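Here is the structure we will look at.
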Amino acid sequence: MKSNFRTVIEPFVIKSVEPIQMTNRNERKQILKENHYNLFKVPAKDVLIDLLTDSGTGAMSSAQWAGMMLGDESYAGSNSFQKFESTIQEIFGFKHVIPTHQGRAAERILFSVMCNNQSVVPNNTHFDTTRANIEFQGSEALDLVIDEGKDPNSLFPFKGNMDIQKLERAIQKHGKEYIPLCMITVTNNSGGGQPVSMENIRAVKTVLKQYDIPLYFDAARFAENAFFIKMREDGYAHKTVKEIVHEMMSYGDGCTMSAKKDGMANIGGFLCTNDDQLAQMEKDLLILTEGFPTYGGLAGRDLEAISVGLQEVLDENYLAYRIAETQYLGEHLTGIGYPIVQPPGGHAIYVDAKALLPHIPPLQYPGQALSAALYLEGGIRTVEIGSVMFGKVDESTGEEYPANMELVRLALPRRTHTQSHIDYVIEVMKELFNEKDKLTGYKIVKQPKYLRHFTAEFESI
Ligand code: F0G
């Protein structure tokens, strides 16, 4: 990983290691078959480099582990909660902090309280759990990302931005009384981990203010987004990431957060709001399924790990390394000839499988084909973000509609892999590139009603 001057080194040393269990191609062929070609079903011990997700899979720091020993496990009013609450209030600036066991629990509570079966919730691009939780309320989830955000080749620096005209039109079409909140996902995971500019956040807020619609952030990768603003947006180069985060959040009325991402923890999340009445309703629901409001389904030690993680993620040496690692992988894959979502995002590289494998039609899941091949050839686990994840099946006719894009995501867990791990991924993908025309598609032979990608079973065509 190079900056303009020298290699960007991992800004840490390794204090504890976990061995990788090696497998060969024949073994992996069998493992794939046994698990119906769904990589979510493959046991982690059979994976060499796990790029399935950056969620909860990162390494914690020695300070986080030390913090865990301070965990106060009192049921009510623990010290660990007080630290958690004050850390989040200080960084994010929201009034009420409600701990949850992960991001989707915060989403479920938020939408249960704010939405009904006539509601419409705009976002740049909803993450799959966000969309599913909105639809579970009978509400509609609208994706209003700018057109550049749907063009894998566009080099626009803020491809996570929301289209302000589409937002205005959506409000006029549906009526402000049917839009209980608007969300912005930073960074825009489902659109390629692309950042949202401060200018765009401000513009969204200006529109929403006219109609009295609250703005909530899906803040999972808030620090990565802030670092992109620092690097790419005029007027922010000399601000600290913490100052940038503060400004971003100042335009919001609350947020949902998966602390498994930029919380640098293995589990956890939270929901924030400035609204006293909503906070009360949210806490009532929290008690029903997550736990008392000072632990919300988490152990005191988890609250400690998150409090430390949220401070560490703001370290600009860490963020510079984080973004350089992703860019290093992206640039090498581009060099081989892989079409990827450009420019490289924060936490992951997204290969455009539709462009890579034009001989496999979308409803034969080119992303699934690439993902399975990466596992077979190199023991690398990735995730399809295409028609398996976002394809729609019309329940009355059984007809299936493909997603807009057929992507394969290589997500980088935080502080987990060295550069030689990444070099290995690049080597495997170089070999696979030469064989890509031989890959074939898949069909789904079994699937559940919601979030089918987790459990669907496939057969090779
Ligand atoms: N929002 C975004 C933008 C996410 O990326 C995720 C999770 C969530 C919400 C839900 O959080 O997992 O803590 O319940 N993304 C993971 C991923 C699963 O692999 O991208 P959670």
Kindly provide the set of residues from the stretch 262-301 that are closer than 30 Å to Ile323 by Cβ and open to solvent by 30 Å² or more (accessible area, probe 1.4 Å), ordered by number. Asn266, Ile267, Arg301
Here is a list of conditions, (1) away from the ligand (no atom under 15 Å from the Cβ); (2) touching a residue at least 24 places away in the same chain (Cβ under 8 Å), and Ser190 meets all of them except one; can you say which number that is? (1)
Is the stretch 112-126 home to any residue that is open to solvent by 10 Å² or more (accessible area, probe 1.4 Å) and within 28 Å of Lys354 (Cβ to Cβ)? yes
Kindly list the number of the only condition in (1) surrounded by 19 or more Cβ atoms within 10 Å (Cβ to Cβ); (2) assigned to a helix (DSSP H, G or I) that fails for Gln165. (1)
The condition of being open to solvent by less than 10 Å² (accessible area, probe 1.4 Å) and either aliphatic (A, V, I, L, M) or modelled with pLDDT of 95 or more (or both) holds, among Tyr236, Tyr216, only for Tyr216
Just one of the numbered conditions (1) surrounded by fewer than 24 Cβ atoms within 10 Å (Cβ to Cβ); (2) in a helix (DSSP H, G or I); (3) among the hydrophobic types (A, V, I, L, M, F, W, C) is not true of Ile109; which one? (1)
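The values are calculated or read from the model by the stated rules, or taken from the named source; none is laboratory data. Keep in mind the model is a prediction, meaning the values are calculated, not measured. With ideal geometry, Cβ positions are generated from the backbone for all residues, glycine too; neighbour counts draw on all protein chains shown. Accessible surface is based on the protein model in full, side chains and every heavy atom, while ligands, DNA and RNA are left aside. Shrake-Rupley method; radii C 1.70, N 1.55, O 1.52, S 1.80 Å.
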